Amino acid sequence: MIKVLGRRNSANVQKVMWALGELALDYQRENIAGSFGFPDDYPNPINVVPTILDGDITVWESNACVRYIARQYGHGSLWPDDPKTLAQADQWMDWQRSGFSDAFFPLFSGKIRAGADNESLADNIAAIGEQYKILDAHLADNDFIAGSSFTMGDIPVGTVTYRYKTLDINRPSTPNVDAWYERLIERPSYQYHVMIPYGTNPAEWVKEEQENAVIQ
Ligand SMILES: N[C@@H](CCC(=O)N[C@@H](CS)C(=O)NCC(=O)O)C(=O)O
């Protein structure tokens, strides 16, 4: 049984939950961070979520958690057998953590967590649109991030894409991203763990966070 420490409305926690769901693994999730706070003995030196515990191992950093779950339990599916496919999945996971997150995080936290308006976030909205154009060009020749099959590479950017697609902002035309997103929203684990309401302002955000506390 894998224990996941982290609130359900954290996108970084959702990456882990989605991976567990894809592999139908048993888990137990605890509400930590945000309005739940952190226990004194929280086993992660930088006090962020997620952290996962699996037997005698503790892993933090969401993409490292996804890689651990995929490598340990998802050979041939989330963890591609072919090293070249694996390298593609890895590459886009690292991209998600770097330029892509740098563009998306200030937009989402500004708009939903701080209640800023679109005008003041115009540069951020333009920046994330440019990132999705990069992804769109890649997906022109690929049904999924690492090629023809769903892998761990789809999970980090796929998680954030639900938020990107549902935010009240202008988005550039990205037909290949749209087609890929349609493939993601057919997946039951994505529907259950990622496609959850997050509100439109800070008060609604906390309300959703608390309402999700009882859901595993
Ligand atoms: N690089 C880390 C970032 C983790 C992170 O920033 N988590 C956020 C939630 S998405 C957090 O714990 N924020 C503090 C809080 O919610 O109290 C990862 O990918 O796991």
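The table below gives the values:
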item	result
Mean separation of Cα contacts under 8 Å (6+ apart) over length of the chain, as relative contact order %	26
Net dipole in debye of segment 83-193 [+1 Lys, Arg Cβ; -1 Asp, Glu Cβ; about Cα centre; nearest 20]	260
Local electrostatic count, Lys84, Cβ distance below 15 Å [Lys/Arg +1, Asp/Glu -1]	-4
Overall Cα dimensions of segment 56-167 - principal axes, largest extent first, Å	46, 40, 20
Relative contact order of segment 16-114, pairs being alpha-carbon contacts under 8 Å that are 6 or more residues apart, as %	19
Segment 2-77 - convex hull of alpha carbons, volume per residue in Å³	82
Kirkwood estimate for the chain, i.e. one over the average of 1/r between Cα atoms, Å	17.6
Radius 9 Å from Cβ of Ile215, net charge of other residues (Lys, Arg +1; Asp, Glu -1)	+1
Order of Ser189, Ser10 under a 10 Å beta carbon neighbour criterion, fewest first	Ser189, Ser10
Rounded, prolate or oblate (a/c below 1.5 giving rounded, otherwise prolate when a/b exceeds b/c) for segment 62-106 by Cα gyration tensor	oblate
Average projected area [Cα convex hull, segment 1-41], square nanometres	3.0
Hz values of 3J(HN,Hα) by residue in segment 124-135 - Karplus curve (6.51, -1.76, 1.60), Gly and Pro given as x	5, 5, 5, 5, 6, x, 5, 5, 5, 5, 4, 5
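Any read-out appearing in this document is the output of simple, stated calculations on the displayed coordinates, not a laboratory observation. All values derive from a computational prediction rather than experimental measurement. In this analysis, Cβ positions are derived from the backbone assuming ideal geometry, glycine residues included, and neighbour counts consider all displayed protein chains.
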